[in-house]
Amino acid sequence: MSARLRTNAGTIWLRGLVVWLLLLGLLTASLLAAYHLKAPWAPAVNFGLAATQAALVALLFMRLNRADHLVRLAAACGLFWLAILFALTLTDTLSRLANTCHLVCEGEQ
């Protein structure tokens with residue numbers, strides 16, 4: 001029984017180490033992309049790297065792939081509300097930007 005527990009603990013640590021190394025590799029790729037990738041599609045690459053990191057954390061650290069349906073539903077609700085908060089923040093920022101542009105454009109005429 002003790003050997004079995006040690007084996008399970010060893011595989012848990014090994015799995016965590018592999019995921020951690022993958023996250024560090026993705027972090028390095030994100031850092032390099034942020035400073036050295038000056039293409040118009042650079043934000044898409046950075047968002048893709050961030051989504052991959054989030055998926056690794058959700059699936060492998062939080063073990064959502066093995067979780068009950070209620071836990072998955074709670075995680076999905078969290079993402080839904082996060083999307084709503086991002087949409088509201090973006091709406092506020094874009095409306096302020098449009099208002100500022102309108103005031104500046106009127107002052108030039």
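The values are calculated or read from the model by the stated rules, or taken from the named source; none is laboratory data. All figures in this text were calculated on a predicted structure; none of them were measured in a lab. Note that we place each Cβ from the backbone using ideal geometry, even for glycine, and neighbour counts take in every protein chain shown. These accessible areas exclude ligands, DNA and RNA; they are computed on the full protein's heavy atoms, side chains included. Shrake-Rupley method; radii C 1.70, N 1.55, O 1.52, S 1.80 Å.
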(message) What's the number of the only condition in (1) surrounded by 10 or more Cβ atoms within 10 Å (Cβ to Cβ); (2) farther than 29 Å from residue 17 by Cα that residue 38 fails to meet?
(response) (1)
(request) Being among the aliphatic types (A, V, I, L, M), open to solvent by 100 Å² or more (accessible area, probe 1.4 Å) and more than 11 Å from the chain's Cα centre (by Cα) narrows it down to one of 70, 79, 59, 64, so name that one. (result) 70
